[in-house]
Each structure stands twice: as structure tokens, then as C-alpha cells.
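In what follows, a structure is listed as C-alpha cells, so that the remarks can point back to it.
The values are calculated or read from the model by the stated rules, or taken from the named source; none is laboratory data. Keep in mind it's a predicted model, so treat the numbers as computed, not measured. Backbone-built Cβ (ideal geometry, glycine too); neighbour counts: all protein chains shown. For accessibility, only protein heavy atoms count, side chains too; no ligands or nucleic acids. Shrake-Rupley method; radii C 1.70, N 1.55, O 1.52, S 1.80 Å.
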Amino acid sequence: MTTSFENLVNDCLYNWLGYGNLNGPIWFMGMEEGGAEIWRQRTKTMTESLSIRRSFSLSMDFQHVWENLYNIPLETFKGPNVWRYMAAFLLSLEDIEPSSENIREFVFEKKKLGKLDGNHFLCEFLPLPRQSNNSIDEYKEIWNTNSDYINELAPKRFELIKNVLTKCNNVKLLVSYDKKFTDRIINNFDSNIECSWRNHSKPYKLIKLNISDNRILYLLTTPFFGQGQISYEGLKYAAQTIKDNKII
């Protein structure tokens, strides 16, 4: 018999993909959220968070979700996070120096990240908040193992992403900073490496993807956005490579 918690979880599996403009030219391809509203800032319980998430549309406004629904002012976030590296890349594309001050202004003061009318989308491959991408403890009454969770959701989630990309003709570039997501993208589309390079010994690649008979996208693969794997300088160079190749 299905429990109320399981029903709540099931309602959150395929209704939402991320934050921002689905038809924006740039998509950032992330793996999943860490549930800061539950375990870090603790403004919501698990049940409260999922109850909010079940009402999400395919795309949500980043600031609205965090500040109005989770009750967490963006300026209260301290320290490194993937949002800062997204901002560094976006600023560099606009020929704005990705300094700590400019990044802070973009994300936490002017709050331009993940806007519905912006030029980018923050895609999450998996839909549920988790403390660790190796643990399924929060949902153990539904899935026995992490592999069970991913094996059930991954094909349908990727098909959903693929269908949206096919329909959104203004999308030009996917930026993937998670190797598992990168591998899945490459394995599901015809692809050719356009160029590759290293920055501080970390690998970057620009890959052409054929997603349909008449549709080409580009995939920029980078080191992970955090944990000392990437730098603002590296993203600035990557943005210049994108501009030099006239992709954006």
C-alpha cells in the first residue's frame, strides 16, 4: 500500500527541472540539490519542502523559491557554492570581470541568477533534495539503495530533459560540471569534440551534439563547480572560448 509520504515524493519526481528560462541560450547541468532549506538553514522540514516542491512548474524563479517559499534570504548564504561559479561564467560572457565582488552582486544583491526572463537555466538531473549523493536514507521506505533510485528515475528524467531541449530552439550551450551527467549526455547523443584544454591541470572540453536531424547544441564540460576543482580564471577562459567559437 502506498504511504502518504510516498505519494508526496512521487508528485515531485517529474514536475520540475530547475530554475530560470527554459528557452535561454545557456543551460547549466547540475546533478541534484542538497536541501539547504531542510538540513543547513532548517527553515523547512522534509515534508514541508516536498509539499512545496510538488506544486513546482517545470521551471521556477530561483529567488522566488528560496526567499518566498523556503524563507531564506539569498544574502544569508556564505562561503563557496556552485551558484558563484555559474555567475562567474555568465559575467565573463558579458565581458564583466568575475571578481568576488561582481559575483556577490550578481547572485546575492541584484539576484539575477535563475530568473524566468534571464538568459540561462539551472537544470537539476535528479529532483529530490538529499544530504549526500551516495545515500538514500531520507527515502529508504521507497528505494532500498541509491542505485535503485537513480536507475528508476534517470531514464525518465533524461527523456524529459531531452524533450524540452528539442522544443526550446533558443538553447545553444549546455554547461556540465558533473561527470555522471556529462557521461549520460554524451552517451545519448551523437557527439564530436571540437576542442579541449586544461587550466591548472583541470580538463575542459567543447563538444558538438547532434540532438536531432536539424538541431545542434554545444556541450562545455568543466571540472566540478566547487571543492577546489575549478577557478574563476578557468571559467573566464572557457567563456572566451565560447565567444571565440561564436556559440553565444
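Brief remarks follow.
- Here Asp190 fits the description: in contact with a strand residue (DSSP E or B) (Cβ under 7 Å, 6 or more places away or on another chain), at pLDDT below 95 and on the phi < 0 side of the Ramachandran plot.
- Qualifying residue in the range 40-48 (condition: modelled with pLDDT under 95 and in contact with a Ser or Thr (Cβ under 8 Å, 6 or more places away or on another chain)): yes
- Extreme residue, nearest to Ile103 (Cα to Cα), among residues of the range 207-234 that are out of contact with any strand residue (DSSP E or B) (no Cβ under 9 Å at 6 or more places or on another chain) and not charged (D, E, K, R): Tyr232
- Taking the range 45-136 as the region of interest, the helices (runs of 4 or more DSSP H) fully inside it that hold 3 or more residues being polar (S, T, N, Q) are 46-53.
- Count of residues meeting criterion [over 18 Å from the mean Cα position of the chain (by Cα) and either open to solvent by less than 80 Å² (accessible area, probe 1.4 Å) or on the phi > 0 side of the Ramachandran plot (or both)] in the range 207-229: 8
- Checking Tyr70, Tyr19 one by one, the residue that is touching a residue at least 12 places away in the same chain (Cβ under 8 Å), out of contact with any strand residue (DSSP E or B) (no Cβ under 6 Å at 6 or more places or on another chain) and not charged (D, E, K, R) is Tyr70 and no other.
- Each residue in the range 146-188 was checked for being in contact with a helix residue (DSSP H, G or I) (Cβ under 9 Å, 6 or more places away or on another chain) and among the hydroxyl-bearing types (Ser, Thr, Tyr), and 3 of them qualify.
- Scanning the range 1-22 for residues being touching a Phe, Trp or Tyr at 6+ places or on another chain (Cβ under 8 Å) and either at pLDDT below 95 or open to solvent by 10 Å² or more (accessible area, probe 1.4 Å) (or both) gives a total of 3.
Per-residue answers, yes or no, for (1) touching a residue at least 60 places away in the same chain (Cβ under 8 Å); (2) surrounded by 14 or more Cβ atoms within 10 Å (Cβ to Cβ):
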{"residue": "Gly114", "(1), (2)": "yes, yes"}
{"residue": "Leu122", "(1), (2)": "yes, yes"}
{"residue": "Leu160", "(1), (2)": "yes, yes"}
{"residue": "Val175", "(1), (2)": "yes, yes"}
{"residue": "Asp178", "(1), (2)": "yes, yes"}
{"residue": "Cys195", "(1), (2)": "no, no"}
{"residue": "Tyr204", "(1), (2)": "no, yes"}
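- Top-ranked residue of the range 23-58 - restricted to ones that are open to solvent by 20 Å² or more (accessible area, probe 1.4 Å) and among the hydroxyl-bearing types (Ser, Thr, Tyr), ranked as nearest to Val175 (Cα to Cα): Ser57
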